[in-house]
Amino acid sequence: MDEFVRKLPKAELHLHIEGTLEPQMMFDLAERNGYELPFPDLNSVKEAYEFTDLQSFLDIYYQGAAVLQSAQDFYELTVAYFDRVAQDGVRHAEVFFDPQTHTERNIGFEVFMEGFRAGMEHAKVEHGITSSLILCFLRHLPGEAALETMRAAENHLDGVVAVGLDSSEVGFPPAPFLPAYELAYELGLKGVAHAGEEGPPSYIWSALDDLGVERIDHGVRCLEDEELVDRLVRERVPLTVCPSSNVALRVVDRFEDHPFPQMMEAGLVVSANSDDPAYFGGYVGDNYAALGGHLDFTHEQLATVAANSIESSFLSRDQKDRHLSEISALTGRSATRN
Ligand code: HPA
Ligand code: ZN
């Protein structure tokens, strides 16, 4: 990877911690926990990573997550992610986790939160990386289950900055999750939601108007709706785009076809993120590198993407300004924001 790309200070805002489970760790934890994986060996895992759409990925992703059982497992997963992206210039991460994937297996909030928090402390102490968590509701489960999850989370919100919405998108619009979001807002959290990855632009409208979210995850299908693009630009609603994920899950055919440049051109506040790097073959730095390699982004354009990532985060104005001046120092000019 180009030294500039690696050094560019950036925030990662669209990263599922369960999606950082590398095949080797999946096997090691399965063995430690006496859990039988549906894959005979490492090679067959990698062969299974040929996805045709979001669902084909999710089926495997939930199977993999089942090896995570103790606080130590969640800690090691989190540490491995931060140790990896410390090499990618990540200064701050807002990390998704899927509590229902674990509570459904009778693993409680106290277990995974302990592991996440210890891993985040490691990131701060060892790498100077700040982080917070985003609690995601699984949208293939009912809105009532999300509300129950939010109630169960109430006493475990240390380090959690927002709630989000993920899993299968088509056929699962945002509106039924309003009660869970309302409780989250009462508890002082912010809201984000996956919308417009495979789902239609109407899901993005609904995430904004029904759920009142401040940031949209993916959002690439907004380009099909001019009025929506106007609104996202006018209100500076950040979109956390994941280009390599979109190629892996066939949202676009080839990296060269990704609409990232058109999104920048339209004035949207887009950042580049990895989504589920262990499954899609690239961490956040690789996504920046691919924008350079496949879409000819210049260093200046990549610096704008990095500045957008900082600006799109839930950091304080002071913290954002500190990271933005670091980007300016690297590029030798003031960082332009999109
Ligand atoms: N989309 C929806 N749900 C997910 C994703 C994604 O890209 N990754 C993990 N859960
Ligand atoms: Zn995602």
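Here residue 117 clears all of (1) in contact with a Gly (Cβ under 6 Å, 6 or more places away or on another chain); (2) within 16 Å of ligand 1 (Cβ to nearest atom); (3) of a type outside the set (Asp, Glu) except the condition numbered (2).
Mind listing whichever residues of the stretch 47-56 are under 18 Å from residue 27 (Cα atoms) and either in contact (Cβ under 8 Å) with a residue 40 or more places away in the chain or surrounded by 13 or more Cβ atoms within 10 Å (Cβ to Cβ) (or both)? Within the stretch 47-56, 48, 49 qualify. Out of the residues in the stretch 237-248 that are in contact with a Ser or Thr (Cβ under 8 Å, 6 or more places away or on another chain) and either modelled with pLDDT under 95 or within 10 Å of ligand 1 (Cβ to nearest atom) (or both), which is nearest to residue 309 (Cα to Cα)? Among those residues, the one meeting the criterion is 242.
Selection of the stretch 123-166 for residues being part of a loop (DSSP other than H, G, I, E, B) and away from ligand 2 (no atom under 16 Å from the Cβ) yields 128, 129, 141, 142, 157, 158, 159.
In the stretch 71-122, counting only helices (runs of 4 or more DSSP H) that sit wholly within it, the ones holding 2 or more residues that are among the charged types (D, E, K, R) span 71-85, 109-122. Check 174, 243 and return the single one that is in contact (Cβ under 8 Å) with a residue 40 or more places away in the chain, within 16 Å of ligand 2 (Cβ to nearest atom) and either within 22 Å of residue 291 (Cβ to Cβ) or not basic (Lys, Arg) (or both). From the options 174, 243, the qualifying one is 243.
Screening the candidates 2, 83 for the property of being more than 25 Å from residue 168 (Cβ to Cβ), in contact (Cβ under 8 Å) with a residue 60 or more places away in the chain and among the acidic types (Asp, Glu) yields one hit, 2. Taking interchain pairs and intrachain pairs at least six residues apart, which have beta carbon atoms under 9 angstrom, with the first residue in the stretch 148-167 and at positive phi and the second away from ligand 2 (no atom under 16 Å from the Cβ) and acidic (Asp, Glu)? Every condition considered, no pair remains.
Reported count of residues in the stretch 1-35, each being modelled with pLDDT of 95 or more, part of a loop (DSSP other than H, G, I, E, B) and away from ligand 1 (no atom under 16 Å from the Cβ), is 4.
The values are calculated or read from the model by the stated rules, or taken from the named source; none is laboratory data. Fair warning: this is a prediction, and the values are worked out from it, not measured in the lab. Glycine also receives a Cβ, built like all others from the backbone with ideal geometry; neighbour counts cover every protein chain displayed.
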